[in-house]
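What follows draws every value from the coordinates through simple rules; no lab data is involved. Just so we're clear, the structure is a prediction, and the values are computed from it rather than from any experiment. Positions of Cβ are backbone-derived with ideal geometry, glycine not excepted, and every protein chain shown enters the neighbour counts.
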Amino acid sequence: MVITERFVKNCWYVAAWSHEVHDDRLFTRTLLGEPVLLFRTTDGGPVALADRCCHRHAPLSVGRKEGDCVRCMYHGLKYDHLGRCVEIPGQSAIPAKLQLKRYPVAERGRWVFVWMGEPDSADPSLLPDVSALHHPDWRMKPGYMHYKASYLLISDNLLDFSHLSYVHESTLGGTPAIAETRAKIEKIPRGVRLTRRIENTVPAPYHTQ
């Protein structure tokens, strides 16, 4: 089966855990097929720029952070946190168009989000509620799950919990009632909602421990 990757651009994506983005070094992540450079300014604010020098497309993530700027270690071009080239060694004139793509970025809870679509469409009100990530009543451990599969298959998996009855029988499932219950699907702004009400059955093993 061949799956063509098609990405939704105008939405927020989690780019990193907050502790991964430091104020003294550079961090890179590929989002929607685009290499993105992440770092912090001296006031602690996160920055997201294209991880590719305008000159020869060398990755800036292997460059050098200088205050609120980053220097490409191929030919020495220096960019500020807005993505503008501010220095070219051996050249006084800097073309106005010589600047990096800059992504809207926001930090909520313990996550750094990057908006991958049209910058003017970036809306902080669309950021999800992640208060549980830092609430004292919740315990959590940061980490990742890496899949050697298309993200479309992962989305399909998370939208159809009927598999809990069998794949996760000893943890999240515990009853065939999950698969036997018809799901209610609703179209909502910017997505869909799937509801599956399971009544008059035993709780999942995960909830009884």
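Taking the Cβ of L172 as the centre, find all other residues whose Cβ is under 15 Å away and add up their charges (Lys, Arg: +1; Asp, Glu: -1).
After counting each charged neighbour, the total is -1.
Could you size up the charge dipole of the stretch 151-208 around its Cα centre, putting +1 on the beta carbon of Lys and Arg and -1 on that of Asp and Glu, and report it in debye to the nearest 20?
Working: 7 positive and 6 negative charges, 69 e Å.
The calculated dipole for the stretch 151-208 is roughly 340 debye.
Tally Lys/Arg at +1 and Asp/Glu at -1 over every other residue whose Cβ is under 13 Å from the Cβ of E66; what's the total?
0
Listing R6, R196 from the residue with the fewest other Cβ atoms within 10 Å to the one with the most, what is the order?
Placing the least packed residue first, the sequence is R6, R196.
For the chain, how many pairs of lysine residues have a Cα-Cα distance under 28 Å, where the two are 8 or more positions apart or belong to different chains?
10
Cβ under 15 Å from H19's Cβ, H19 left aside: what net charge do those residues give with Lys, Arg +1 and Asp, Glu -1? Intermediate values should be presented prior to the final figure.
Values: positive: R25, R29, R40, R108, R110, K141; negative: E20, D23, D24, E107.
Cβ neighbours under 15 Å give a net charge of +2.
How would the stretch 1-71 be classified by its alpha-carbon gyration tensor: rounded, prolate or oblate, with rounded meaning a/c under 1.5 and the a/b versus b/c comparison settling the rest? Can you show the working numbers first?
Values: a/c = 2.64, a/b = 1.57, b/c = 1.68.
In terms of gyration-tensor shape, oblate.
Taking the square root of 5 times each eigenvalue of the Cα gyration tensor, what semi-axes in Å does the equivalent ellipsoid of the stretch 151-208 have, largest first?
22, 14, 9
For M116, M140, what ranking results if the residue with the fewest other Cβ atoms within 10 Å of its Cβ goes first?
Ordered by Cβ neighbours within 10 Å, fewest first: M140, M116.
Which whole-number percent is the relative contact order of the stretch 35-193 (Cα, under 8 Å, 6+ apart)?
11 percent
For the chain, modelled as a GNM with alpha-carbon contacts under 10 angstrom, which of V36, V86, V130 fluctuates the most?
With Cα springs under 10 Å in the chain, the top fluctuation among V36, V86, V130 is at V130.
For T41, list long-range residues whose amide hydrogen, built 1.01 Å from N in the peptide plane, is under 5 Å from its own amide hydrogen.
V47
For the stretch 151-208, what does the relative contact order come out to in percent, with C-alpha contacts under 8 Å and a separation of six or more?
After rounding, I find 31 percent.
Give the residue from T181, A204, V167 lying farthest towards the positive end of the charge dipole for the stretch 151-208; charges sit on Cβ (+1 for Lys and Arg, -1 for Asp and Glu) and the dipole is referred to the Cα centre.
T181
Got the relative contact order for the stretch 1-129 handy, in percent, Cα pairs under 8 Å and 6 or more residues apart?
Details: 246 pairs, mean separation 34.7, N = 129.
Across the stretch 1-129, relative contact order equals 27 percent.
Which are the unpartnered cysteines of the chain, meaning those with no other cysteine Cβ under 4.7 Å from their Cβ?
For the chain, the answer is C11, C54, C69, C85, because their Cβ atoms have no other cysteine Cβ under 4.7 Å.
Let me see the P(r) profile for the chain: every Cα-Cα distance counted, bins of 5 Å, each bin given as a percent of all pairs.
So the P(r) values, bin by bin, are 1, 6, 11, 13, 14, 14, 12, 9, 7, 5, 4, 2, 1, 1, 0, 0.
Return the FRET efficiency for the residue pair H75, L158: r is the Cβ-Cβ distance, R0 is 45 Å, and the value is rounded to the nearest 0.05.
About 0.50, to the nearest 0.05.
For the chain, what does -39500 (n - 2.57) per DSSP helix run (n ≥ 4), summed and divided by total residues, give at 222 nm, in deg cm²/dmol to the nearest 500?
Estimated from H runs of four or more residues: -2000 deg cm²/dmol.
State the three equivalent ellipsoid semi-axes of the stretch 130-171, derived from the C-alpha gyration tensor as the square roots of 5 times its eigenvalues, in descending order and whole Å. Intermediate values should be presented prior to the final figure.
Working: eigenvalues 123, 52, 23 Å².
Value: 25, 16, 11 Å, ordered largest first.
Positive end of the charge dipole of the chain (Lys, Arg +1 and Asp, Glu -1 on Cβ, about the Cα centre): tell me which of M140, T28, W12 has its Cα farthest that way.
Selected residue: T28.
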